[in-house]
Amino acid sequence: MPLPEIDSMTSAQAAGAYNSNKKPPKFFQVVFWPLAVACILLVGYGLLICWSATDTDPKYSFMRQLLGVALGLVVMALMWAYDYRKLSDMYIVMLVVSVVLILSPHLPVIGVTRSGATSWINVGMQIQPGEFAKITIILFCAGVLSKYGGRLDDLGEYVKVIGLMLIPFVCIMTQPDLGTGLVYLFISATTLFMAGAKVRYMVLTLLVLVVGIVFIFVIDEFLKYTTEDGTTEYHLLKQYQRARLFVFMNQDNASSDAESYNLRQAMIAIGSGGLFGKGIGSSTQSSLGFLPEAPTDFIFCVLAEELGFVGVVFLLALYGCLIGFSIFIARRCSNLFGMLIVCGIVGMWLFQILENIGMCIGLMPITGIPLPFVSYGSSFMIVNFAALGLIGSVYSHASKVGKGI
Amino acid sequence: MVTAIIATILTIAIIAAVALLVYMLVRRRSQGEFIKKSDVEHINTLNIGNDKSLRRRGPQGAHSHIRVNASEANMAKPSDKMSSRFGVFGIAISAVFGVLVAKAWSMQLLESERYASASENNLYTSMSIPASRGRIFDRNGVPLVKNRFIQTVLADSEVADDKRTVKRLSTVLGVPESVIAQRIKDESAGAQSKRTVASDVRLRDVAYISEHSDAFPGVSIEEIAEREYPYGALAAHALGYTRAATEEDVEEANDGRSIELTDVIGKSGLEYYYDDVLAGDKGTRRMMVDASGNIVCIVDEISSTQGSDIITTIDAHAQFVTDELLAQTVAPFGDIGTGKGVSACVVALDVTDGSVVVMSSYPTFDPSSLDDSNIWELYMKDESHAPFVNRAINGQYAPASTFKAFTSMAGLNYGYATYGSTWTCTGEWDGFGSGDVQRCWDNYGHGTLDLHDGIVNSCDVVFYEIAKAFFDHGPDGSGELSQTALQEYLSKFRFGETTGIDLAGEYSGLIPTPEWKAKQWRNVPSEAIWRGGDYSNMIIGQGDVLVTPLQLACAYGAIATGDIMRPHLLKEIHNSVGDVVFEAQPEVVASLDVDEDHLAYVRRALHDMIPAHEDLASHFVEYNLDAAAKSGTAEHTDKKDDAWFAAYAPFDDPKYVAVCIVEQGGGGSDIAGPIVAKVLGTLLGEQVEPGAGLGYINGSSGNSIAIEFTGNTRRQD
């Protein structure tokens, strides 16, 4: 298998970046060890579950996941070494990069459409640029909001910022990929809140959003049309999206369609795990195919089935440490831009954890959002490592050691 | 469901409320603290937050300030201003984790059992293991129906549309694609059931298909116990045949017997009547399956119990001789019409216990050929003369002169004939003076003769006179007798009712009564009247009288022994380990309530009948038989006569009774007599080694050549 382009590209950059560092900082001081330990445990734990979930299914390759981790480590090292403060002025660039990334699957040759979503590009390997855009969107949001110095109480400015923040969301909806779009929105909302936007404005925005959603449903009723095979199709919210929403709303109703089947099997997998689970590699729900998409969207079910409630609590504890230590770094960061970067990353992780686990246990509607550091898929794995690298950069460049660079 | 939604909404509401409350509290406190902060810091933050000129310059301007800020006031972190928001953020994070843990706790600890059983339901499935059917043997232990285990390739009906799979099957099995597609489309085994693509498949091909099951969607392989008939159509009507159960069979299954669509069940004959005995008990196999229903492993298995074996009363040797003889008689060159008659039937009973030793009916079928749908089509045509009909119990014929043995006793009983009575036969008779002359079969007349000779020569005129006596003493004459006096006497021999043999669907025949006639002809009042002619027809076994060969055999058995026995085909049942669990006992349905002297008189006449006919006698001499017999030739206006013959032997110590009819065969003594002689001769002759000399009996061809009919030839009884 030829080495993916992305691989060679990043390695070259990595080499260049290290060479340019004339005085490398002492390793032990640039690393925030509690976070590092939590991350090592989390990645190891995730790989274990991913191995268990992919072991029985020839469609997935565990080696690919390991490659993703390896690439992620390289990207993380690069980000760590790079002084994030150099990016604070470049929010327009970040926005442009985000938009280019999100729209790239629409390009004629490399764009790939799979199950109705134009979300992938093929550059030797299939990657999901929308995932990478999460990083640039975090940088963009942090960059824009840091200009207001912690007070965003002018309505005009607020509306302008909101308008800019909606651009990536609108772009991702052209694929369409509502799940990733919601992640973008949540990143924006988190950074907005942490940047000191007036609470009244944010509540107002929320109200507008709710009214907007209702409006979409109402408008859809007027726009709906009947397709060739006699089913009704809507323009704005597609049938499958509605189905997911409605399944979530009556999850206990015995229904035979695919969406409720997925949810029912997911809940059976989790519930049947009990306190200690069925043991690693002994899941029946995923290994025998009852649970669809087990290694990707529903990997939490594999964990819960094999390791039980104890395994779930351990995972959530690791996530708690990851987020807690990140917030600690955000809290002690000496500038708003760095703080907002970390808050944006925390927002991203928090939403992904809530949505992914929430959908598995029937608290949230079903969307294809992966679980950080655990789900199969190298794009998102690299994104997570890049995020870690950014946090590391914020930590090291704010510390006494970092100041010297 | 509603509670789940309410709970979710409540949780979110509570979290939001707590978050808001905390935010309010924290903000109030931090505002208080704010004023106490050092001046420098106060000014700095004010600069950033409130300097309108800076803000008007936009974000770029503000940015430069941050830089200065960051480097000058190192210890003043931007998050200090945001501590309340960090608090809210922290609470939101805790809430998210709290909700997730709480829900996982409720699912994995509180409701774990419910989900675990749902998971098991997904995982385990049980399948019943079919039990192999019991075998069927003749009275000496010769196997007549056995089992053979074959590998069968089955396919769902949808596979017919899957061109690739059909092509692959064709390549592996070496059968043309069109044939495979046709077999899959064949609905003869039921629209829902799996279709047999190929049976008796080589193990190598079975292994190939099993190993590449992904390439053969909808195709499965099963080991099927197939019925094997070592002697083909031998006793086919008595044994019956099996088929895959239909949906109706599943619905109508008896209590305690569960039939599934894949089961093979008895459809006729003993296979049907003793289906419960032969079926055995199914086993169950519990298996782990994956989401596509593929078996992952077998968890446990309760093996099935083979059905019990049935030992029949049939004598395979005599049955074989008879089956072959009938085929030779009716269709010596394969098709019906190349010999005598269009169909034939022989029933032979052991008069001492009622066991059926021979039950043969032609045309017949080979039960092993029935998987071929062409056979069904062929046998459903009129010209095949209904090979599936068991004529011994479902063939109803006018008994003709064989009936005279019983009607003569009725005459003796009422005194209309005595040992000394004589009648004169001129060949024709019009005793009722109706102008409608009835003829004796011997148109030249028998001269003067008594009842004994009347039976021996089968003189119709003698019996017309007796019939006239019944009529004259009936309501239309002197009124001593009812209109049904003759019928009531005949019912002592149990005509007009089923014999109770252990086969399903037996017919009861018919003894006409005035009541029956009125009902039958209710739309033609002129015909509905009970006339003298009805007596004279009935008394010679013609007109509306109908009997089955089995009824006649039982009645002749009663003449031989004085007892009506219940005929039966079951001798013993042996369970799967070989123990005898049931043994049939002779059952006397009724003892004949007739005068012993009259019975002896008729027996004597029947005994004298054979030597009186030279050609016939030679056949009985050939087998060294001392028999009592009566022939019969049933006349039809539009087709050839039916040949009847009934006999029992030995005369002094009766053992077997045999009855034969050759439909449209001609004269009874000529055609049916020699057959009965050979059957009785075989039964009473030298005993052969069980199973020796048996051969394969073929099913009939299904074709026939029309028999020439050139008007009523002179009848010869």
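Take residues that are closer than 29 Å to residue B:266 by Cα and charged (D, E, K, R) and tell me which of the helices (runs of 4 or more DSSP H) falling wholly in the range B:147-221 contain 1 or more.
Passing ranges, in order: B:177-185.
Filter the range B:582-605 down to the residues that are surrounded by fewer than 12 Cβ atoms within 10 Å (Cβ to Cβ) and closer than 29 Å to residue B:274 by Cβ, then identify the one that is nearest to the chain's Cα centre (by Cα).
B:583
Please verify whether residue B:610 is crowded, with 18+ Cβ neighbours inside 10 Å and among the aliphatic types (A, V, I, L, M), treating the condition exactly as stated.
Yes, satisfied.
Tally time: how many residues in the range B:280-325 are closer than 30 Å to residue B:661 by Cβ and within 14 Å of another protein chain (Cβ to nearest Cβ)?
Selection size over the range B:280-325: 0.
In the range B:430-549, which helices (runs of 4 or more DSSP H) lie fully inside it and hold 3 or more residues that are among the charged types (D, E, K, R)?
Once the helices (runs of 4 or more DSSP H) in the range B:430-549 are filtered for at least 3 residues that are among the charged types (D, E, K, R), what remains is B:460-472, B:514-520.
Tell me the helices (runs of 4 or more DSSP H) entirely within the range B:316-402 that contain at least 2 residues that are closer than 17 Å to residue B:674 by Cα and over 23 Å from the mean Cα position of the chain (by Cα).
B:316-330
Which members of the range B:66-101 meet the condition of being facing chain A (nearest Cβ under 7 Å), in a helix (DSSP H, G or I) and either at pLDDT below 80 or under 19 Å from residue A:85 (Cβ atoms) (or both)?
Selection gives B:66, B:70, B:78, B:79.
Would it be correct to say that residue A:207 is surrounded by 12 or more Cβ atoms within 10 Å (Cβ to Cβ) and either in contact with a His (Cβ under 6 Å, 6 or more places away or on another chain) or assigned to a helix (DSSP H, G or I) (or both)?
no
As an exercise: evaluate residue B:228 against (1) out of contact with any helix residue (DSSP H, G or I) (no Cβ under 9 Å at 6 or more places or on another chain); (2) of a type in the set (Asp, Glu); (3) surrounded by fewer than 20 Cβ atoms within 10 Å (Cβ to Cβ) and give the number of the one condition it does not meet.
Evaluating residue B:228 over (1) out of contact with any helix residue (DSSP H, G or I) (no Cβ under 9 Å at 6 or more places or on another chain); (2) of a type in the set (Asp, Glu); (3) surrounded by fewer than 20 Cβ atoms within 10 Å (Cβ to Cβ) leaves (1) as the failure.
Answer with yes or no whether residue B:119 is crowded, with 21+ Cβ neighbours inside 10 Å and either touching a His at 6+ places or on another chain (Cβ under 8 Å) or small (Gly, Ala, Ser) (or both).
Judged against the criteria, residue B:119 is a match.
Considering only residues that are touching a Gly at 6+ places or on another chain (Cβ under 7 Å), among the hydroxyl-bearing types (Ser, Thr, Tyr) and in contact (Cβ under 8 Å) with a residue 60 or more places away in the chain, which ones fall in the range A:48-93?
If the condition is that a residue be touching a Gly at 6+ places or on another chain (Cβ under 7 Å), among the hydroxyl-bearing types (Ser, Thr, Tyr) and in contact (Cβ under 8 Å) with a residue 60 or more places away in the chain, then A:52, A:84, A:88 are the ones that fit.
For the range A:268-287, enumerate the residues that are free of Cβ contacts under 8 Å to residues at least 60 places away in the same chain and in a loop (DSSP other than H, G, I, E, B).
Within the range A:268-287, A:274, A:275, A:276, A:277, A:278, A:279, A:282, A:284, A:285 qualify.
Could you list, in sequence order, the residues of the range B:552-567 that are over 15 Å from residue B:508 (Cβ atoms) and assigned to a loop (DSSP other than H, G, I, E, B)?
Residue satisfying the conditions is B:562 alone.
Can you name the residue in the range A:348-372 that is closer than 22 Å to residue A:392 by Cβ and outside any loop (DSSP other than H, G, I, E, B) and, of all such residues, is farthest from the other protein chains (Cβ to nearest Cβ)?
Filtering the range A:348-372 for residues that are closer than 22 Å to residue A:392 by Cβ and outside any loop (DSSP other than H, G, I, E, B), the one farthest from the other protein chains (Cβ to nearest Cβ) comes out as A:348.
So if I check each of A:164, A:178, A:145, which one is in contact with a strand residue (DSSP E or B) (Cβ under 8 Å, 6 or more places away or on another chain) and either more than 17 Å from residue A:98 (Cβ to Cβ) or in contact (Cβ under 8 Å) with a residue 60 or more places away in the chain (or both)?
Every option except A:145 fails the conditions.
Identify, please: which residue in the range A:261-287 is farther than 15 Å from residue B:111 by Cβ and within 7 Å of chain B (Cβ to nearest Cβ) and is, among those, surrounded by the most Cβ atoms within 10 Å (Cβ to Cβ)?
A:285
Restrict the check to the range A:299-307 and report whether at least one residue is surrounded by fewer than 24 Cβ atoms within 10 Å (Cβ to Cβ) and in contact (Cβ under 8 Å) with a residue 12 or more places away in the chain.
no
Name the residue, out of B:203, B:173, that is aliphatic (A, V, I, L, M) and either buried (at least 19 other Cβ atoms within 10 Å of the Cβ) or farther than 30 Å from residue B:278 by Cα (or both).
Selected residue: B:173, the only one of B:203, B:173 that is aliphatic (A, V, I, L, M) and either buried (at least 19 other Cβ atoms within 10 Å of the Cβ) or farther than 30 Å from residue B:278 by Cα (or both).
Go over the candidates B:665, B:673, B:681 one by one and state the one that is crowded, with 24+ Cβ neighbours inside 10 Å and assigned to a helix (DSSP H, G or I).
B:673
Can you name the number of the only condition in (1) in a strand (DSSP E or B); (2) touching a residue at least 40 places away in the same chain (Cβ under 8 Å) that residue B:424 fails?
It is condition (2) that residue B:424 fails.
Tell me which residues, restricted to the range B:504-529, are in contact (Cβ under 8 Å) with a residue 40 or more places away in the chain and among the aliphatic types (A, V, I, L, M).
Passing the criteria: B:504, B:510.
Looking only at the range B:115-130, count every residue that is at the interface with chain A (Cβ under 7 Å from one of its Cβ atoms) and more than 13 Å from residue A:275 (Cα to Cα) and tell me the total.
Residues in the range B:115-130 being at the interface with chain A (Cβ under 7 Å from one of its Cβ atoms) and more than 13 Å from residue A:275 (Cα to Cα): 4 in total.
In the range A:326-347, is there at least one residue being surrounded by fewer than 23 Cβ atoms within 10 Å (Cβ to Cβ), facing another protein chain (nearest Cβ under 9 Å) and within 24 Å of residue A:73 (Cβ to Cβ)?
Among the residues of the range A:326-347, at least one is surrounded by fewer than 23 Cβ atoms within 10 Å (Cβ to Cβ), facing another protein chain (nearest Cβ under 9 Å) and within 24 Å of residue A:73 (Cβ to Cβ), which makes the answer yes.
Look through A:318, A:291 and report the one residue that is within 13 Å of another protein chain (Cβ to nearest Cβ), in a loop (DSSP other than H, G, I, E, B) and in contact with a helix residue (DSSP H, G or I) (Cβ under 7 Å, 6 or more places away or on another chain).
Only one candidate passes the filter, namely A:291.
In the range A:121-162, how many residues are away from chain B (no Cβ under 11 Å), in contact with a helix residue (DSSP H, G or I) (Cβ under 8 Å, 6 or more places away or on another chain) and not basic (Lys, Arg)?
Adding up the residues that qualify gives 22.
The values are calculated or read from the model by the stated rules, or taken from the named source; none is laboratory data. Source: prediction; values computed, not measured. A quick note on method: Cβ atoms are made from the backbone with ideal geometry, for glycine too, and the neighbour counts reach across all protein chains shown.
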